[in-house]
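Readers should treat all values here as calculations from the given coordinates under stated rules, not as data from a laboratory. Since we're looking at a predicted model, the values are computed, not measured. Here the Cβ positions follow ideal geometry from the backbone for every residue, glycine too, while neighbour counts run over all protein chains shown.
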There are 4 protein chains.
Amino acid sequence: MIHHCSLQVRSYEVDGYNHVNNAVYLNYLEYARMEFLKAIGFDYRLMRERGYSLLVARVYIEYKHPAEPDDYLTIITTPIKKQKTSGVFKQTIWKGEKMICSAEVTWVCVDSHGRPVRIPHELDSPELNPKKEDIDGSIH
Amino acid sequence: MIHHCSLQVRSYEVDGYNHVNNAVYLNYLEYARMEFLKAIGFDYRLMRERGYSLLVARVYIEYKHPAEPDDYLTIITTPIKKQKTSGVFKQTIWKGEKMICSAEVTWVCVDSHGRPVRIPHELDSPELNPKKEDIDGSIH
Amino acid sequence: MIHHCSLQVRSYEVDGYNHVNNAVYLNYLEYARMEFLKAIGFDYRLMRERGYSLLVARVYIEYKHPAEPDDYLTIITTPIKKQKTSGVFKQTIWKGEKMICSAEVTWVCVDSHGRPVRIPHELDSPELNPKKEDIDGSIH
Amino acid sequence: MIHHCSLQVRSYEVDGYNHVNNAVYLNYLEYARMEFLKAIGFDYRLMRERGYSLLVARVYIEYKHPAEPDDYLTIITTPIKKQKTSGVFKQTIWKGEKMICSAEVTWVCVDSHGRPVRIPHELDSPELNPKKEDIDGSIH
């Protein structure tokens, strides 16, 4: 599963350089992961109702080129690792052929006490597993 | 009760003009209202736990002068109206002697179904009432 | 000219109530105004390059109903007043038939010294003028 | 140079979990780096005026524990690497004795064309160099 979604930079997302602010990219990546979950039919709302959450445990992000208001950006999201209670997405943001940034985001499933647990079987999705060719795509 | 609090503009709060973004002032005003509530001993956390909320129903805001990174700002918060289920704060933001913006914010107390209700008696505070001299301070 | 645009609420735009944060609506409105300007062919970038800006001078906003993550929202933008150096947009945000909020936003054209000036003739657009039937649509 | 600064979590900085949103920590870290620069007398404004910028090239961040509204947080910033055109800060955020998150932020100095260059000699500061004991403090 390689998931694409896109968005256009909004005027209020830029900083004093007229560039998308560094922190805003983390919002974009979150948006793309939520779209990924919807695309694979993962019922995140139900998961929350049952007291489970997918939390972000680690982010590694490299900023390559700035983006500006009105730029159309594409975000590509791919699972590259899945372990018992956690997993890793590789996410890249593109403006046409130019890579704007590249990130790896580690998530962990926690119960209502914040303890790492397996994703409950009936909620889990095979699409959270990386395909063979996507394993080891790590950037660091 | 006229309440003062202050903050310093942070680099990530400005837009492409290097001015504090319009929407950010609403965050500053929210911050100042929460500080006001703490200052008068209003137990907002307890109120939430009992299923009540103070929601913002209306904001009127006039932007007078821009603010920039590192500017020290003072926010003055004063109740100017109190009715059965709602009330109005006048809030002004200052950079030294210069007024940056001026606002009126109408809040309403709602129960867990979103219905306007009186603030429960044991949670209410006389300090939410305007003093005589602060009534009619309305800017529009 | 009545302009429609739409967006979907993103997960990171909500507050501790799981509702779109009050200040975020001002961002949505800014987004819609920028889309309006594009739709009427107003060259905002050129205007900035020449040292002019359209600043927000006043916002009056009424919050009617909360919006939540994934809600599809439509924003309607209509000029309701135009004066020498300023003008007013009425903007409403809808979730289907339900009005989420209603706002009036006053803009002013300023030169590079921040002084109110007419929009330079070659940049101005008749579409910034209200149509007869949209005048007096004021909500306060 | 080990620099401490502190802030209190504001109500509008939390997400639907009532936890500080992941992206907001990047804002906190930016705030702390700007405070670090002020503390060592680095004239960032002058640097910008001369056409140079310090850009963030990479961030690695681990989220350890959530923070909530009103939490007092301390941010510790330490240079752990300095190279010709770039450097690395280690930054940790604490709530009392509890580490909320830990990050490494790589900056690069660029000229007005976005090309990596040395920090101009008269603007550079020895305090951007790590002390011996702070080298190799890397978390990944």
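Averaging 1/r across all pairs of distinct Cα atoms in the protein assembly as shown and inverting the result yields a Kirkwood radius of 25.2 Å.
Shape class of chain B from the Cα gyration tensor (axes a ≥ b ≥ c, square roots of the eigenvalues): prolate, since a/c reaches 1.5 or more and a/b is larger than b/c. Label-point spacing at B:D111 relative to the other copies reads 3.5, 6.0, 7.0 nm, in ascending order, each point sitting 7 Å out from Cα along Cα→Cβ. This ranking places A:R33, A:R115 by how few other beta-carbon atoms lie within 10 Å of each, fewest first, which gives A:R115, A:R33. Build a GNM of chain A with springs between Cα atoms under 10 Å apart, and of A:G51, A:G41, A:G16 the one that fluctuates most is A:G16. Taking the label point 7 Å along Cα→Cβ, A:K64 and its counterparts in the other copies are spaced 3.3, 4.5, 4.8 nm apart, in ascending order.
Each residue of region D:116-122 is assigned a 3J(HN,Hα), and the resulting list reads x, 9, 4, 5, x, 3, 6 Hz, derived from the Karplus form 6.51 cos²θ - 1.76 cosθ + 1.60 (θ = phi - 60°), x at Gly and Pro.
Among A:K90/D:K132; B:K64/B:K132; B:K82/C:K82; B:K131/C:K81; B:K64/C:K90; A:K95/C:K98, which pairs are too far apart, with a Cα-Cα distance over 31 Å? From A:K90/D:K132; B:K64/B:K132; B:K82/C:K82; B:K131/C:K81; B:K64/C:K90; A:K95/C:K98, over 31 Å: A:K90/D:K132; B:K82/C:K82; B:K131/C:K81; A:K95/C:K98. For the rotational copy relationship between B and D, the axis lies nearest to a chain B beta carbon, identified with its distance in whole angstrom as B:L7, 5.
Between D:H113 and A:A39, take the C-beta separation as r, use R0 = 51 Å, and let me know the FRET efficiency to the nearest 0.05.
On the way: r = 39 Å, r/R0 = 0.77.
The value I calculate is 0.85.
Normalised by the number of residues in region C:61-140, the average gap of Cα pairs under 8 Å and 6 or more apart makes the relative contact order 32 percent.
In nanometers and ordered shortest first, the copy-to-copy spacing of the C:K84 label point, defined 7 Å from Cα toward Cβ, is 4.7, 5.9, 7.6. Nearest 10 degrees, 0 to 90: what angle lies between the long axis of helix C:22-39 and the longest principal axis of chain C (Cα atoms)? On a 0 to 90 degree scale, this one is about 50. When the Cα positions of D:Q83, D:A67, D:H4 are compared along the charge dipole of chain D, D:Q83 comes out farthest toward the positive end, with charges on each C-beta of Lys, Arg, Asp and Glu.
Suppose every K and R has +1 on its Cβ and every D and E has -1 on its Cβ; what is the size of the dipole of chain C about the Cα centre, in Debye to the nearest 20? Before the final figure, lay out each step's value.
Numbers: 18 positive and 19 negative charges, 100 e Å.
Here chain C has a charge dipole of around 480 debye.
With helices as the sole contributors, chain D gives -5500 deg cm²/dmol at 222 nm; each DSSP H run of n ≥ 4 counts as -39500 (n - 2.57), and the sum is divided by every residue. Counts of other chain beta carbons within 10 angstrom of each beta carbon in peptide C:100-112 average 1.
When Cβ neighbours within 10 Å are restricted to other protein chains, what is their mean count per residue of peptide A:4-13? Kindly include the intermediate steps, with their values, before the conclusion.
On the way: counts 0, 0, 0, 3, 3, 0, 7, 10, 14, 5.
For this peptide, the per-residue mean of nearby foreign Cβ atoms is 4.
The mean count of C-beta atoms from other chains within 10 Å of the C-beta of residues in B:29-40, rounded to a whole number, is 2. Each Cα pair under 8 Å and six or more residues apart adds its sequence gap; the mean of these over the residue count of chain C is a relative contact order of 28 percent.
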